[in-house]
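First up is the structure itself, then whatever we jot down about it.
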Amino acid sequence: MKSTEPVSQRLEISGSLLARNTLLNFIGQAVPLLVGVVTIPFIVRGLGTERFGLLSLAWVILGYFAIFDLGLGRATTKFIAEALGKGEKEKVPSLLWTSVTVQAILGVIGGFIFAGITPFLVERILNIPSGLIEEARATFYLLAFSVPIVLISGSFQGVLEAHQRFDLVNTVRIPVSSLTYLLPLFGLLLGFGLPGIVGLILLARSEALAIFVVLNLRLTPELKKYSGSFSLFPCLFSFGGWIMVSSIISPILVYLDRFLIGSLLSMAAVAFYSVPYEAVTRLWIIPMSLTAALFPAFSALEGIGGREKLRMLFARSVKHVLLVLGPIVLMLILFAKEILQTWLGKDFAIQSELVLQILALDILINSLAFIPYELLRGVGRPDIPAKIHLLELPIYTGIAWLLISRWGIVGAAAAWTLRVTLEALLLFGASVKVCQFSPRLLTTYRTTLTGVALLPLTGIAYGLKNLMGGLSLLAQSAIFAALIGVWAWFSWWNILDALEREAILKVMKLWDK
């Protein structure tokens, strides 16, 4: 880990720094995901289905509390990154303390509101067995106490992200996120009920906040003196308000199809659709690992007027997502039947094969759109993605209703295709207009070449799949692994340029400056 000594010079954005941070973010998301996969079966057996359902709901609530911070967490990252890009580090304390003050107030108010509606949620809204009512009520009261902790943590984490210190962020994120799954097992061993387990998780979150505070004080000692100013709030809210709009609408867009399938078809259809959906959307950790580092980088570059470097970063980022995800999506499409049959059995292979294939392609399109989405927010136009989401919602609702009614879960996947394609086109179009990109931009940085190169790879892979129908799945996997190896070799020497290869080698510690 690098030192957390104060940095006086202007923050510099380099390819090796972003590559390193992307790798750190990927590890920071992948490790807790693997911990969850291993531990959840034991947690279910230990708690029982109904208590585990309540624990799952607690996890969801903890995750979504952050959308009620008026977008101030992301606004803090944005404006502090801009200040660091300009070398104006003296602005950091006032920006942070203003955000933290407002979030503390919002957190306390939100906590009281959530505590106030807890009896209504537990006794009227949620179908909770009578024997679990008291446990559920105590659990929800504990969650209400956590609201300020969740909101304030977002701003302190955002400062580290603005400094591009994702090594520090993930040093905290990995153990805390992993403890979300490990602490229930520990609580079960101690004989704790659900409130005790949730209490342990909240204790871990509180300790994470304390660590974030300490790291920030070491990185920016000026934070030791409180310097919040409500005069900065309008500026923060003008940006954060649009972030909040997107944060509210995005989950609706993500989960609407499941509710429509359950309403128009059956719960069995929900299962046949949800399983491939949940599996394929795990690929989001790849673009999310990159864009988490890109947002403060875009903000810093915008702050100093570095539009040329910003354009280069945009084009290369699109290329890298296409380069990594393209072959993965291709393999998912070709082996959808075998994957589902091996994993879940023949029924799922029959019902969900086409759904998995369509959704895999959708994930590629949607992942590419992550880049212009963060670019627009980074250059100070969060209103554009929010307005696109507002436009999408009624259109998608109507199309999804129509296609699900006619074609079932395949119709749901098709509706999702139309939505993510429309969103991607609008986001890319807005980025070109706002940042005044040249039509030659994607060609200059070999992004277009990447898309073109995927076409023969697709043709070769499809031909091999048809020719190898009689071989075992293990033999087919070995042959396709070799094909991906050839693709990686070709990409290294013909798609990545010298600067990109150098950045990757630096991250791998095989290249010295």
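Among the residues making up the range 170-185, those that are touching a Phe, Trp or Tyr at 6+ places or on another chain (Cβ under 9 Å) and among the β-branched types (Val, Ile, Thr) are Val172, Thr180. Among the residues of the range 107-126, those that are at pLDDT 90 or above and exposed (fewer than 13 other Cβ atoms within 10 Å of the Cβ) comprise Phe112, Gly116.
If you filter the range 461-513 down to residues that are surrounded by 14 or more Cβ atoms within 10 Å (Cβ to Cβ) and β-branched (Val, Ile, Thr), you find that the one that is nearest to Thr342 (Cα to Cα) is Ile479. Taking the stated definitions as given, is Ala369 buried (at least 20 other Cβ atoms within 10 Å of the Cβ), of a type in the set (Gly, Ala, Ser) and more than 22 Å from Leu499 (Cβ to Cβ)? The answer is yes for Ala369. Restricting attention to the range 246-253, does a residue exist that is more than 28 Å from the chain's Cα centre (by Cα) and either in contact (Cβ under 8 Å) with a residue 24 or more places away in the chain or more than 24 Å from Gln157 (Cβ to Cβ) (or both)? No, every residue in the range 246-253 fails to be more than 28 Å from the chain's Cα centre (by Cα) and either in contact (Cβ under 8 Å) with a residue 24 or more places away in the chain or more than 24 Å from Gln157 (Cβ to Cβ) (or both). In a residue-by-residue description of the range 39-54, the property of being among the β-branched types (Val, Ile, Thr), within 18 Å of Phe239 (Cα to Cα) and at pLDDT 85 or above applies to no position.
Anything in the range 287-316 that is aliphatic (A, V, I, L, M), within 10 Å of the chain's Cα centre (by Cα) and crowded, with 21+ Cβ neighbours inside 10 Å? List them, or say none. Scanning the range 287-316 gives Leu290, Ala292. Val214 meets the stated requirement of being closer than 30 Å to Leu301 by Cα and either exposed (fewer than 15 other Cβ atoms within 10 Å of the Cβ) or in contact with a strand residue (DSSP E or B) (Cβ under 8 Å, 6 or more places away or on another chain) (or both).
Where helices (runs of 4 or more DSSP H) sit wholly within the range 257-352, those with at least 2 residues that are within 23 Å of Leu455 (Cα to Cα) and at pLDDT 85 or above occupy 285-303, 307-334, 336-344. Within the range 26-81, restricting attention to residues that are in contact (Cβ under 8 Å) with a residue 40 or more places away in the chain and of a type in the set (D, E, K, R), which residue is farthest from Leu223 (Cα to Cα)? Checking each candidate, the answer is Glu50. Here Leu403 meets each of (1) buried (at least 21 other Cβ atoms within 10 Å of the Cβ); (2) within 30 Å of Ser299 (Cα to Cα); (3) free of Cβ contacts under 8 Å to residues at least 40 places away in the same chain with one exception, condition (2). Restricting the first residue to the range 118-135 and requiring it to be outside the structural domain of Ala58 (by TED's automatic domain parsing), which pairs with a second residue that is assigned to a helix (DSSP H, G or I) and of a type in the set (A, V, I, L, M) meet a Cβ separation below 6 Å and a spacing of at least six or different chains? As it stands, the answer is none, since no pair meets every condition given. Here Ser231 meets the list (1) surrounded by 21 or more Cβ atoms within 10 Å (Cβ to Cβ); (2) at pLDDT below 90; (3) closer than 27 Å to Leu301 by Cβ almost entirely, failing just condition (1). Among the residues of this structure, Gly191 counts as one that is farther than 24 Å from Ala144 by Cβ and not basic (Lys, Arg). Residues in the range 234-271 that are surrounded by 14 or more Cβ atoms within 10 Å (Cβ to Cβ) and hydroxyl-bearing (Ser, Thr, Tyr): Ser238, Ser246, Ser247, Ser250. The condition of being within 26 Å of Phe237 (Cβ to Cβ) and in contact (Cβ under 8 Å) with a residue 40 or more places away in the chain holds for Thr101.
Only one of the numbered conditions (1) at negative phi; (2) touching a helix residue (DSSP H, G or I) at 6+ places or on another chain (Cβ under 8 Å) is not met by Val432, and that is (2). Here Gly191 clears all of (1) free of Cβ contacts under 8 Å to residues at least 60 places away in the same chain; (2) part of a helix (DSSP H, G or I); (3) among the small types (Gly, Ala, Ser) except the condition numbered (2). Taken together, the criteria exclude Val452 from residues that are β-branched (Val, Ile, Thr) and either crowded, with 17+ Cβ neighbours inside 10 Å or more than 30 Å from Ile339 (Cα to Cα) (or both).
Residues of the range 151-205 that are of a type in the set (S, T, N, Q) and buried (at least 18 other Cβ atoms within 10 Å of the Cβ): Ser153, Ser155, Gln157, Gln164, Asn170, Ser177, Ser178, Thr180.
The values are calculated or read from the model by the stated rules, or taken from the named source; none is laboratory data. Only a predicted model underlies this, so the values are computations on that prediction, with no experimental measurement involved. Neighbour counts run over all protein chains shown; Cβ positions are idealised from the backbone, glycine included.
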